[in-house]
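> Starting off with a structure, shown below.
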Amino acid sequence: MQTPVSSNNIDVLCSSNENHYFDRKSARIKVRDLAKTVIAFANAAGGKLVVGIEDDGAVTGFKCVGAGSMEEFEQAGHL
């Protein structure tokens, strides 16, 4: 059974399996491309989306080449 990831511990976020309640995205993703994931979480009673961690669990953050700014992602959360 899939369960939500409740921890904010970076090691847990990097090593947890992605599922209906948890997804990792690179900071190189366009903010508008997060809509599909956010809508899916809204339809599935919530979830946790972390930006700045690659699918393989590598932390690349917002300083990697091609990354959007942290402010850009924060502003999207207020729309």
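> Any residue at all in the range 64-77 that's open to solvent by 70 Å² or more (accessible area, probe 1.4 Å) and in contact with an Asp or Glu (Cβ under 9 Å, 6 or more places away or on another chain)? Walk me through how you get there before you give the answer.
Within the range 64-77, the subset open to solvent by 70 Å² or more (accessible area, probe 1.4 Å) is 65, 70-72, 74-75.
Filter once more, keeping what is in contact with an Asp or Glu (Cβ under 9 Å, 6 or more places away or on another chain): none.
No: zero hits.
> Among the residues of the range 30-44, is any of a type outside the set (A, V, I, L, M, F, W, C) and farther than 25 Å from Thr3 by Cα? Let's see the steps before the verdict.
From the range 30-44, those of a type outside the set (A, V, I, L, M, F, W, C) are 30, 32-33, 36-37, 43; that's our starting set.
Adding the requirement that they be farther than 25 Å from Thr3 by Cα leaves 30, 32.
Within the range 30-44, one or more residues are of a type outside the set (A, V, I, L, M, F, W, C) and farther than 25 Å from Thr3 by Cα.
> Counting just the residues of the range 1-45 that are of a type in the set (A, V, I, L, M) and within 13 Å of Val59 (Cα to Cα), which one comes out surrounded by the most Cβ atoms within 10 Å (Cβ to Cβ)?
If we filter the range 1-45 for residues that are of a type in the set (A, V, I, L, M), which is where we start, we get 1, 5, 10, 12-13, 27, 29, 31, 34-35, 38-40, 42, 44-45.
After this cut, where a residue has to be within 13 Å of Val59 (Cα to Cα) as well, the list is 10, 12-13, 27.
Numbers: Ile10: 13, Val12: 12, Leu13: 18, Ala27: 20.
Here the residue is Ala27.
> Give the range 17-31 a look and list any residue that's touching a residue at least 24 places away in the same chain (Cβ under 8 Å) and either out of contact with any strand residue (DSSP E or B) (no Cβ under 8 Å at 6 or more places or on another chain) or under 28 Å from Val65 (Cβ atoms) (or both), or say none. Explain how you work it out, then say what you get.
Of the range 17-31, the ones touching a residue at least 24 places away in the same chain (Cβ under 8 Å) are 18, 20-31.
Across the range 17-31, the qualifying residues are Glu18, His20, Phe22, Asp23, Arg24, Lys25, Ser26, Ala27, Arg28, Ile29, Lys30, Val31.
> Output the residue which, of all residues in the range 1-59 that are in a loop (DSSP other than H, G, I, E, B) and touching a Pro at 6+ places or on another chain (Cβ under 8 Å), is farthest from Gln75 (Cα to Cα). Write out each step before concluding.
Let us first name the residues in the range 1-59 that are in a loop (DSSP other than H, G, I, E, B), namely 1-9, 16-18, 20-21, 26-30, 44-47, 52, 54-58.
From what's left, touching a Pro at 6+ places or on another chain (Cβ under 8 Å): 21, 46-47.
Details: Tyr21: 22, Gly46: 20, Gly47: 19 Å.
So the residue we want is Tyr21.
The values are calculated or read from the model by the stated rules, or taken from the named source; none is laboratory data. Since this is a predicted model, take the numbers as computed values, not measurements. Positions of Cβ are generated from backbone atoms using ideal geometry, with glycine treated the same way; all protein chains shown enter the neighbour counts. With ligands, DNA and RNA removed, areas are computed over all heavy atoms of the protein, side chains included. Shrake-Rupley method; radii C 1.70, N 1.55, O 1.52, S 1.80 Å.
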